[in-house]
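Before any comments, here is the structure.
The values are calculated or read from the model by the stated rules, or taken from the named source; none is laboratory data. On a predicted model such as this, the values are computed, not experimentally measured, just so you know. Because the Cβ atoms are built from the backbone with ideal geometry, glycine has one as well, and the counts that use them run over all protein chains shown. The area values use the complete protein model at the heavy-atom level, side chains included, leaving out ligands, DNA and RNA. Shrake-Rupley method; radii C 1.70, N 1.55, O 1.52, S 1.80 Å.
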Amino acid sequence: MSTTTYPDQELARKNAGATVPAYAAQGAKDQLAPFSITRRQPGAHDVQIEILYCGVCHSDLHTARNEWTNTTYPAVPGHEIVGKVTKVGKDVKKFKEGDYAAVGCMVDSDRTCPQCKDNLENYCDNVILTYNSPDSHLGGMTYGGYSKQIVVDEHFVLRVPDTKNLPGVAPLLCAGITTYSPLRYWKIQKGQKVGIVGLGGLGHMGLKLAHAMGAKVTLFTTSPGKTEDAKRLGADEVVISKDPAAMEKQNGTFDFILDTVSANHDMNALLNLLKRDGSLVLVGAPEKPMDIAAFSLIPKRRHFSGSMIGGIEETQEMLDFCAKHGITSDVEIIPIQKVNEAYERLLKSDVKYRFVIDMASLK
Ligand code: NAP
Ligand code: ZN
């Protein structure tokens, strides 16, 4: 099994904690394979977590294959983490050994900028993501949740309010908050007409959450076979986005659309669905730029914007909201040895509706 090497070996030696098994990509064209990483020794504010489950987000695939051209290898993906606290630093207040805990897409930020002061660490210029960000403790880059253990400052660790279905909670840490945050920011209310585009990990959470907020929800999908599931997950209506006549019939009728599609697609057909002053928020992050026609926006004063995950306070609010409404993710549990196969299935939109790795399979 290959092992990580750190650029500043003295720093790494000073702060090194446990060496643990993980899965890493060594290059854009490589399969993920067993790898060994070092975590830091927990500091005064740190929580050490034994990872039990980790969701497989399409962002993990984009990163492992360098589709956003910013990956540093080796890359250990995974940012939908649920586990058990095994050790806490002396100043930790929120957690004790034995608690369940969760970690999402971020593990640190500068905590002083206007974004951090507004509890929007996700928009901090110096945010440290759970993987593929500079790691100030050990040097090198941060390594994500496809591993046995992680050490995180308690500010970035979430409480798990309902522990009955831990694999179903893991995807809330990215797919859940990424869809919850824009629905809240744009103040989605009872009776509004909301479209969710794409029924994958994010999309299925978007359906559940928008439905729980009282919206009238339509799924736009390229997969006719997902219609029944969509209705079970909270859609009032399903439209096949490859059918131009079915799309046109809906033009000018939507208050809000959340676009979760991972590949390049026709944005203008979606913008045309919005009514006057309606908003389309893009959370899907395709590899290449997409064309927007001026006249998809101008005539109806439409809004087009993006959204990235959510702040820590809002992530806890989302977990509490999901516990209150009995919402978890629909998952297919896999051993880590099947993660490359899971990536291929993601590319075929063949996921119902989130792969979650059972970390007991990682020895
Ligand atoms: P996923 O599970 O693979 O789902 C993506 C869905 O998009 C597919 O199931 C499919 O739904 C649809 N789709 C795929 N290819 C398409 C195409 N060519 N044309 C139209 N629709 C297509 O992915 P995910 O994990 O939900 O992530 C979705 C995207 O969000 C990724 O790009 C990911 O990186 C990004 N993301 C962003 C944030 C953020 O903070 N903004 C956070 C997490 C993830 P149908 O079969 O229903 O058509
Ligand atoms: Zn994600």
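Odds and ends about this structure:
- Distance between modelled label sites at A28 and I292, nm, 7 Å Cα→Cβ extension: 2.6 nm
- Relative to the longest principal axis of the Cα atoms of the chain, the long axis of helix 312-325 lies at roughly 70 degrees.
- Here the Debye sum runs over all C-alpha atoms of region 1-76 as equal scatterers in vacuum, and log10 of I(q)/I(0) at q = 0.12, 0.15, 0.16 Å⁻¹ comes out as -0.41, -0.63, -0.72.
- Where D320, D259 fall by accessible area, highest first, once all protein chains stay in place (1.4 Å): D320, D259
- Positive contributions from Lys and Arg (+1) and negative ones from Asp and Glu (-1), summed over other residues with Cβ under 12 Å from the Cβ of P167, come out at -2.
- Selected from V157, V107, V239 as most flexible by GNM, with the chain as the system and alpha-carbon contacts under 10 Å: V239
- Principal semi-axes of the equivalent ellipsoid, √(5λ) from the alpha carbon gyration tensor of region 54-154, are 22, 18, 12 Å from largest down.
- Region 250-351: C-alpha gyration tensor shape, a/c 1.5 cut-off, then a/b vs b/c: oblate
- Karplus 3J(HN,Hα) series, Hz, for region 127-138 with 6.51 cos²θ - 1.76 cosθ + 1.60 (x for Gly, Pro): 4, 9, 7, 5, 9, 6, 10, x, 9, 6, 7, 10
- Pairwise label distance in nanometres, R159 with E344, each label 7 Å out on the Cα-Cβ vector: 4.4 nm
- Helix 201-212 and the longest principal axis of the Cα set of the chain meet at an angle near 60°.
- Other residues whose C-beta falls under 11 angstrom from the C-beta of K338 contribute a net charge of -3, scoring Lys and Arg +1 and Asp and Glu -1.
- Only Lys, Arg (+1) and Asp, Glu (-1) charged, at Cβ; the chain dipole about Cα centre in debye: 600 debye
- For the residues Y100, Y343, Y185, a GNM of the chain with alpha-carbon springs under 10 Å puts the largest fluctuation on Y185.
- The alpha carbon centroids of region 1-55 and region 224-282 are separated by 41 Å.
- Each principal axis of the Cα cloud of region 29-71 was taken in turn, and the coordinate range along them, longest first, works out to 38, 22, 19 Å.
- R301-A246 FRET efficiency (beta carbon distance; Förster radius 25 Å; 0.05 resolution): 0.50
- Computed FRET value (nearest 0.05) for N126 with Y73, which takes r as the C-beta separation and R₀ as 35 Å: 0.95
- Rounded to the nearest 20, the size of the Cβ-charge dipole of region 228-303 about its Cα centre is 300 debye, with Lys and Arg at +1 and Asp and Glu at -1.
- The long axis of helix 175-185 is offset from the longest Cα principal axis of the chain by roughly 50 degrees.
- Top of T38, T227, T112 by mean-square fluctuation, Gaussian network on the chain, Cα under 10 Å: T112
- Cα-based equivalent ellipsoid, the chain: semi-axes from gyration tensor eigenvalues, Å: 35, 21, 19
- Other residues whose C-beta falls under 15 angstrom from the C-beta of A360 contribute a net charge of +2, scoring Lys and Arg +1 and Asp and Glu -1.
- Dipole of the chain, positive end: most advanced residue of M247, P182, T69 [Cβ charges, Cα centre]: M247
- T3 contributes about 90 Å² of solvent-accessible surface, heavy atoms of the protein only, 1.4 Å probe.
- Sequence-distant lysines (8 or more away, or on other chains) whose Cα lies within less than 19 Å of K29: K288, K338, K348
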